[in-house]
Structures are given as C-alpha cells and as structure tokens.
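Asker: Input: one structure, supplied below.
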Amino acid sequence: GVSEFFVPLNSFIIGGTAPYVYDDEKGEGGVFPTPEHAERIAQIAEAHEMVTGMGRGIKLKDEVLQMNIMAENCIKPLYFAVTSDASLKRAKEIHAERQNIMIVFCLTRPPLEVNENFSDHFVKVVKAGLPVFVSAMPMAGISAPYCYNGVLSMTHAEVLFGICAAQLLNPGVTCIHAGYPTIADPRIEYNPNYGLISHNLLNILMAHLNLMLDIPTFQSAGTTHEEHLTERAYTDARMGQALCRKYGFHMMRHPFAFLRYLIDFSFEKLEKTIRIAEEVTPADAPEVEMPVYDERGMDSVRNIGLGMYMDDPLTTANLGKIFVS
C-alpha cells in the first residue's frame with residue numbers, strides 16, 4: 001500500500017523523458033542530450049530537498065550509462081526504462097543495492113492495445129520482482145470520452161490491465177499506477193494541452209482515486225503549453241504546483257523543467273520552478289469547480305469502444321463547456 005511505499009505523499013519528482021534540451025541562453029530548443037546533461041539533472045535532484053526523486057528527464061541512447069549516472073549522483077528514488085537485457089541486468093543490480101527504483105513501462109497504447117514493443121521486457125522485469133511503473137496517456141476527445149469521468153475511466157482501464165498482468169506473472173510484485181489522463185484541445189488542432197487548469201485537476205482526481213484504492217500513484221502536473229521560457233510558463237508551474245498542494249497527491253512528474261509537449265528540457269526552468277515549489281502554498285491555487293459525474297461518458301465507451309472519440313456526440317456536446325481553462 002501507499003503507507004509502505006518508498007516515496008512519501010505529496011512528492012514532486014523530476015520525471016519525463018524529453019528528446020531535447022532547451023538552450024536557455026539562445027532561447028531555443030532542439031539540443032541533443034549528453035551524459036553531462038544527465039549528470040547535472042541528477043546532481044540538482046540530489047541537492048534540493050523539494051525534489052523527492054527523479055526519472056531520466058532526458059533520453060540518452062545508452063540506457064545503462066544513464067542508469068549509472070543517475071544511481072551514482074542521486075540516492076533518492078529513481079525511475080527509468082528497461083528495454084534490453086543489459087539494462088535489465090543493471091537494474092537488478094541497482095535494486096539489490098538500494099530498492100528505491102521503479103521501472104517504467106507504457107504497456108498499452110490507446111485505445112487499449114498491447115504495446116508489443118515493450119511486452120517481452122515487461123514480463124522479464126516483473127518476473128525479476130522489480131517495482132513496475134505502469135504508464136498510460138489516453139486523450140479526452142481522441143482516445144477517450146470528452147468528459148472527466150470518461151477519460152479517467154479509460155486511463156484507469158489501461159493501467160489496471162498492466163497491473164493485473166503483473167500480478168498474474170508475479171503475485172505481490174510492487175506496481176505503481178502512473179496513468180496520466182490528458183486533454184485533446186481543439187484550439188490547438190487536438191494536441192494535448194498540459195497547461196490547462198483542468199489537466200492538473202484531472203491528474204489530481206486520478207491520484208485521489210488511486211489513493212482511495214491504496215495504490216501507489218504517479219501522475220503529471222505543473223507543466224505548460226508554452227514553447228519558451230515566458231512568464232506564462234512559470235505561472236503555469238505555480239498554478240499546477242499550488243493545486244497539488246491544495247488537494248494533496250502522492251507523486252507528480254513533469255512539475256519543473258519541461259516546455260510544450262514535454263519535448264524540451266530547460267535547466268533554467270528546472271531551477272526556477274524548484275524555487276517556486278519551495279514557496280508555493282494552497283492559497284496560490286486558482287478556484288476550480290469540481291466536475292460532476294457525466295453519465296454520457298459510459299455511453300460513449302459503449303458506443304465508440306476502441307474507436308476515435310473526435311466525432312463522438314459527447315465530444316461535440318462538451319466542446320467549449322469543459323476543459324477550456
């Protein structure tokens with residue numbers, strides 16, 4: 001259960017896996033990550049009490065090298081991917097030394113299909129007894145109904161498939177519910193909008209559902225839709241972090257360094273938003289109207305099933321009424 005888990009409640013964690021680093025001096029993204037970047041992330045995570053742990057932040061081609069950098073520079077809880085026998089071997093060694101690691105898998109892809117690219121190593125990791133971080137990212141209006149309870153249900157279904165598979169393979173293995181519901185925003189061509197108040201609220205609701213079930217839970221909050229280091233990017237971070245403080249959660253990834261679509265990782269944003277997290281309070285949170293249960297959400301699942309929800313009548317009915325801020 002949550003009380004026995006090695007990460008405490010209300011933990012902000014450097015997570016996510018950006019393909020690029022943002023050049024803070026030039027004000028542009030697209031810089032390829034290096035081992036030096038990975039080392040710097042781990043050292044920052046270790047140095048700040050506000051940061052409870054870390055994922056990769058960026059993606060190096062060599063998984064084992066990145067694991068070693070993280071383990072050597074940060075004693076806090078870690079999570080990373082395992083997609084080769086070599087990285088599985090190293091992960092088992094690290095786990096034997098310190099236990100506080102999680103192996104991330106996105107076992108399904110919307111809508112509710114098994115991601116065969118990762119299934120073999122998922123089985124190997126689970127059988128090895130390593131804690132498994134089961135991720136999923138259904139999008140309201142694309143691969144899930146366009147309402148709060150609809151996208152939460154679809155996210156829960158995808159992650160529970162992974163958790164159940166893990167328990168069948170190795171009963172009692174530690175599983176982390178890392179599903180994070182997202183919103184397809186029609187104003188930006190149905191791309192995900194991580195800067196919405198409603199994105200943060202959705203993920204907090206997902207966390208609360210899992211806490212009621214006593215499942216360790218790891219969602220997404222505090223990021224932005226801004227492409228550059230604008231004032232809005234920092235306002236979005238403060239807003240998301242404050243909502244988390246107000247309502248409570250278990251673990252949140254993406255609260256610090258990421259820019260639009262989680263593509264670029266900014267060190268300047270990382271350090272500034274850590275400072276914001278150190279001072280933010282529940283009083284800084286915007287007022288939100290709690291959503292009511294929308295019975296049409298389950299009707300959408302019955303009608304659309306594993307299809308696309310863009311043309312679902314519920315999507316049309318709710319456009320401009322929910323997920324607008």
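Asker: Just flag the GluC sites (Glu not before Pro) in region 1-101 sitting in loop per DSSP whose Cβ has no more than 10 other Cβ atoms within 10 Å. Present the calculation step by step, with values, prior to reporting the outcome.
Answerer: Details: sites: E4, E25, E28, E36, E39, E46, E49, E63, E72, E93, E97; in loops: E25, E49.
Passing both the DSSP loop test and the Cβ count: E25, E49.
Asker: Using the structure shown, select from K26/K92; K76/K124; K59/K92; K61/K127; K26/K89; K26/K61 the pairs with a Cα to Cα distance greater than 30 angstrom.
Answerer: Working: K26/K92 40 Å; K76/K124 25 Å; K59/K92 20 Å; K61/K127 25 Å; K26/K89 40 Å; K26/K61 25 Å.
From the list (K26/K92; K76/K124; K59/K92; K61/K127; K26/K89; K26/K61), the Cα-Cα distance tops 30 Å for K26/K92; K26/K89.
Asker: Normalized C-alpha radius of gyration of region 1-46, against 2.2 N^0.38 Å?
Answerer: Numbers: Rg = 14.8 Å, N = 46, 2.2 N^0.38 = 9.4 Å.
Taking N as the residue count of region 1-46, the ratio is 1.57.
Asker: Same structure, new question: Could you tell me how far the Cα centroid of region 1-58 sits from the Cα centroid of region 220-282, in Å?
Answerer: Region 220-282 and region 1-58 have Cα centres spaced 12 Å from each other.
Asker: With the alpha-carbon atoms as the only input, what is the per residue convex hull volume for region 1-132 in Å³? Intermediate results must be reported in sequence, preceding the final value.
Answerer: On the way: hull volume 18.7 nm³, N = 132.
Enclosed volume per residue, from the Cα hull, is 142 Å³.
Asker: So what is the calculated 222 nm ellipticity per residue for the chain, using -39500 (n - 2.57) for each DSSP H run with n of 4 or more, over all residues, to the nearest 500 deg cm²/dmol? Don't skip to the answer; put the middle values down first.
Answerer: Working: 10 runs with 133 residues, N = 325.
Only helices count here, giving -13000 deg cm²/dmol.
Asker: Next question, about the same structure. Over the chain, with a single point scatterer placed on each C-alpha, what log10 of the ratio I(q)/I(0) does the Debye formula yield at q = 0.08 1/Å?
Answerer: Log10 of I(q)/I(0), two decimals: -0.34.
Asker: Here is a follow-up. Test of the criteria: in region 286-325, which trypsin sites (Lys or Arg not before Pro) are in a DSSP loop and have at most 15 other Cβ atoms within 10 angstrom of their Cβ?
Answerer: Those that pass, being in a loop and sparsely packed, are K321.
Asker: Be a star and scan region 83-118 for residues whose amide nitrogen sits under 14 Å from the point 7 Å along the Cα-to-Cβ vector of F6.
Answerer: 91-104
Asker: Debye sum, Cα scatterers, region 158-229, no solvent: what log₁₀ I/I(0) at q = 0.14 1/Å?
Answerer: -0.54
Asker: What is the gain in length, in nm to one decimal, between Y190 and E36 on full extension, counting 0.36 nm per residue of separation less the C-alpha to C-alpha distance?
Answerer: This chain segment gains 51.9 nm when fully extended.
Asker: Quickly rank 190-201, 218-229 as a protection proxy: mean count of other C-beta atoms within 10 Å, highest first. Kindly include the intermediate steps, with their values, before the conclusion.
Answerer: Numbers: 190-201: 21.5, 218-229: 23.2.
Descending mean neighbour count gives 218-229, 190-201.
Asker: How long is the gain from L319 to V64 if the chain were fully straight, where each residue apart is worth 0.36 nm and the alpha carbon distance is subtracted?
Answerer: Result for the pair: 87.3 nm of gain on full extension.
Asker: Run down the lysines and flag those whose C-alpha is under 27 Å from the C-alpha of K321, throwing out any fewer than 8 positions away in its chain.
Answerer: Those lysines meeting the cut-off are K246.
Asker: May I ask you to give the average projected area over all directions of the convex hull of the Cα atoms of region 216-293, in nm² rounded to one decimal? Mind showing how you got there, number by number?
Answerer: Values: hull surface 23.5 nm².
Quarter of the Cα hull surface area: 5.9 nm².
Asker: Which of the chymotrypsin sites (Phe, Trp or Tyr not before Pro) found in region 260-325 are in a DSSP loop and have at most 16 neighbouring Cβ atoms, other than their own, within 10 Å?
Answerer: Working: sites: Y261, F265, F267, Y293, Y309, F323; in loops: Y293, Y309, F323.
Here the chymotrypsin sites (Phe, Trp or Tyr not before Pro) that fit, given the DSSP loop and packing criteria, are Y293.
No lab work stands behind these numbers, since they all come straight from the coordinates. It should be emphasised that the depicted structure is a prediction, and the values quoted were computed from it without experimental measurement. When we count neighbours, we look across all protein chains shown, and the Cβ atoms used for this are built from the backbone with ideal geometry, even at glycine.
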